[in-house]
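Trainee: The following block contains the structure, expressed as structure tokens.
The values are calculated or read from the model by the stated rules, or taken from the named source; none is laboratory data. Keep in mind it's a predicted model, so treat the numbers as computed, not measured. Note that we place each Cβ from the backbone using ideal geometry, even for glycine, and neighbour counts take in every protein chain shown. Surface areas here come from the heavy atoms of the whole protein model, side chains and all, with no ligands, DNA or RNA. Shrake-Rupley method; radii C 1.70, N 1.55, O 1.52, S 1.80 Å.
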Protein chains: 2
Amino acid sequence: MAEVANGEQSKRPRGRPRLAIDRDAVADAVAALFAEGGYEAVTIVDTADKLGVSRATLYRAVPTEEDLLGILFERCTGELTERTKAAIAGSSDPGEQLMAMIRLQADAAVSMRSYLPVFFGGAGLPPEVYNRWRSWSRHFEKMWVGVVSANMERGYLDEGDPTVTARLILGMIIWVSRWYRPREQITSEEIADTAIHLVRLGVAPPRDRRTRGGNATTDQG
Amino acid sequence: MAEVANGEQSKRPRGRPRLAIDRDAVADAVAALFAEGGYEAVTIVDTADKLGVSRATLYRAVPTEEDLLGILFERCTGELTERTKAAIAGSSDPGEQLMAMIRLQADAAVSMRSYLPVFFGGAGLPPEVYNRWRSWSRHFEKMWVGVVSANMERGYLDEGDPTVTARLILGMIIWVSRWYRPREQITSEEIADTAIHLVRLGVAPPRDRRTRGGNATTDQG
């Protein structure tokens with residue numbers, strides 16, 4: 001599976017060793033270990049076994065378990081950033097943008113379910129990965145808050161704190177990773193549609209809705 | 001802090017030892033350790049230190065770390081079940097019930113933030129606690145699904161799969177545990193209100209809303 005460079009046995013000058021392993025293959029192996037046994041199952045030994053390379057080869061390219069986690073983290077966050085940017089670029093309507101973001105996030109919550117909540121939660125990450133996570137998550141949240149704000153301006157979403165609202169929507173979808181079970185046969189598309197219905201995105205025409213605030217059932221209580 | 005029974009040094013007949021430690025004090029100590037260093041910080045040694053009792057005394061009452069976790073789990077889930085039942089009993093209107101449930105869940109997400117996602121996610125729990133969690137979470141989810149279904153029947157929530165919808169709302173609030181930071185000075189009440197606004201509970205009169213389905217912005221895309 002891994003693209004191991006030739007000539008490994010020969011002597012190389014001292015210094016930073018050449019990355020002789022394909023990072024994507026490493027990310028796949030680490031993701032598979034995560035799926036099998038969680039964070040603790042991610043070891044150099046098991047990753048090397050999965051890749052079909054010697055431990056020495058893997059150690060030379062990826063010295064610590066923290067580095068293994070870092071490789072998967074990098075791919076996961078990189079992919080989410082790119083897909084989210086594409087969702088925003090795909091439409092000029094903030095409602096459409098947010099729906100596309102919910103759909104891709106639901107898809108990621110299902111396909112990356114063994115590690116996505118670990119990366120999004122930040123808790124328990126090794127310090128070096130944690131610092132990258134903090135910087136990434138601030139940037140990622142900013143994209144969400146921007147689109148949520150635009151939805152509030154158009155009246156697609158009720159007005160409220162856009163940061164809290166963005167975190168609530170994002171959290172609703174991230175938590176899918178925890179309850180999703182393939183045997184229940186609920187697709188990520190169905191989950192995304194249910195979420196979109198729940199926040200009533202695109203249910204009523206933008207301006208119309210705001211006039212009915214006075215009819216709140218809370219007024220009755 | 002702990003209520004340690006007197007006469008511990010004296011000989012007792014063989015058999016199951018008397019629980020000489022107050023379970024609530026143990027739960028408090030375990031919760032504090034969780035808050036300080038997460039799951040891995042919960043050890044018999046540190047719990048004994050926190051309780052101000054000898055390790056031997058604690059070992060006699062709570063033989064394993066799994067048991068420590070079990071005591072906190074029991075209190076956390078017991079409290080949530082009781083408070084949710086009370087929220088449902090507190091009103092005959094399903095909208096009011098759901099709002100009360102969102103409020104208490106947001107409060108729990110903040111006050112129990114160091115361990116609530118661990119208990120709700122089930123992942124990484126010791127087998128014995130995991131089995132109790134499965135049974136409890138099925139029962140807890142059932143209460144939520146019932147109230148969500150009633151909200152859909154009244155038109156307070158758009159129709160959709162009530163189980164998926166209940167999990168999305170619950171997940172949105174559980175995930176608060178992950179992003180809540182006291183220094184941001186966002187209260188659990190504000191979070192709950194934002195969530196209630198987001199799903200537009202009590203925004204429009206029950207029956208009125210359903211007639212506007214044809215105006216969906218998705219039709220424009």
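Trainee: Counting only Cβ atoms, what residue of chain B lies nearest to the axis that sends chain B onto chain A, and how many whole Å off?
Mentor: That would be B:172, 2.
Trainee: So with the 1.4 Å probe, I'd like the accessible area per residue for the range B:23-63, rounded to whole Å².
Mentor: For the range B:23-63, the solvent-accessible area averages 46 Å² per residue.
Trainee: Compute accessible area for the range A:171-194 by itself and then with all protein chains, 1.4 Å probe, and report residues whose area falls by 20 Å² or more.
Mentor: Flagged in the range A:171-194: A:171, A:172, A:174, A:175, A:178, A:179, A:181, A:184, A:186, A:194.
Trainee: Let me ask something else about it. Taking N as the number of residues in the range A:73-204, what is its Cα Rg relative to 2.2 N^0.38 Å? Before the final figure, lay out the partial values.
Mentor: Values: Rg = 14.5 Å, N = 132, 2.2 N^0.38 = 14.1 Å.
So the Cα radius of gyration is 1.03 times the expected 2.2 N^0.38 Å.
Trainee: Would you kindly work out, in nm and rounded to one decimal, the distances from the label point of residue B:39 to those of the same position in each other copy, ordered shortest first, with label points 7 Å along Cα-to-Cβ?
Mentor: Computed spacing set for this position: 0.7 nm.
Trainee: Could you give, in nm with one decimal, how far residue B:24 is from each other copy of that position, shortest first, with labels 7 Å out from Cα toward Cβ?
Mentor: Going from nearest to farthest copy, the values are 5.9 nm.
Trainee: Separate question: Find out how many positive minus negative residues lie around residue B:193, taking Lys and Arg as positive, Asp and Glu as negative, among other residues whose Cβ is under 10 Å from that of residue B:193. Before the final figure, lay out each step's value.
Mentor: Values: positive: B:103; negative: A:161, B:189, B:190.
Summing Lys/Arg as +1 and Asp/Glu as -1 gives -2.
Trainee: Moving on. Compute the distance in nm between two label points, each set 7 Å from the Cα along the Cα-to-Cβ direction, one at residue B:81 and one at residue B:185.
Mentor: Inter-label distance under the simple model: 4.0 nm.
Trainee: Suppose all protein chains stay in the model; what accessible area per residue would a 1.4 Å probe give for the range A:128-200, in Å²?
Mentor: Values: 3030 Å² over 73 residues.
I get 41 Å² per residue for the range A:128-200.
Trainee: Go ahead and run the numbers for FRET between residue B:64 and residue A:154, Cβ-Cβ distance against an R0 of 41 Å, rounding to 0.05.
Mentor: Details: r = 56 Å, r/R0 = 1.36.
Result of the calculation: an efficiency of 0.15.
Trainee: Defining the label point at 7 Å along Cα→Cβ, can you sort the distances from residue B:190 to the same site in each other copy, shortest first, in nm?
Mentor: 3.8
Trainee: Measure out, as a whole number of angstrom, how far apart the alpha-carbon centroids of the range B:19-54 and the range A:42-56 sit.
Mentor: A separation of 38 Å, based on Cα centres.
Trainee: Let me ask you something else. Could you check the spin-label model distance between residue A:132 and residue A:43? Points 7 Å from the Cα along Cα→Cβ, value in nm.
Mentor: The answer from the label model is 2.3 nm.
Trainee: Taking θ as phi - 60°, what are the ³J(HN,Hα) couplings along the range B:62-78 by the Karplus curve (6.51, -1.76, 1.60), each to the nearest whole Hz, with x for Gly and Pro?
Mentor: Each residue's phi maps through the Karplus curve to give 10, x, 10, 5, 4, 5, 4, 4, x, 5, 5, 4, 4, 5, 4, 5, x Hz.
Trainee: Between residue A:54 and residue B:35, what is the label-to-label distance in nm when each label sits 7 Å out along the Cα-to-Cβ direction?
Mentor: With each label point 7 Å from Cα toward Cβ, the separation is 5.2 nm.
Trainee: Given a 1.4 Å probe and no ligands, DNA or RNA in the count, how much accessible surface is buried by A and B, both sides, to the nearest 100 Å²?
Mentor: Values: alone 12560 and 12560 Å², together 20740 Å².
So the buried area, both faces added, is about 4400 Å².
Trainee: So, by mean Cβ neighbours within 10 angstrom, what's the order for B:171-184, B:103-116 with the highest one leading?
Mentor: On the way: B:171-184: 19.6, B:103-116: 21.2.
Listed from highest to lowest mean packing, they are B:103-116, B:171-184.
Trainee: Something else: Counting Lys +1, Arg +1, Asp -1, Glu -1, what net charge surrounds residue A:100 among other residues with beta carbon under 14 Å of its beta carbon? Each step should come with its number before you reach the end.
Mentor: Numbers: positive: A:83, A:85, A:103; negative: A:82, A:93, A:96, A:107, A:189, A:193.
Spelling it out: positives minus negatives among the neighbours equals -3.
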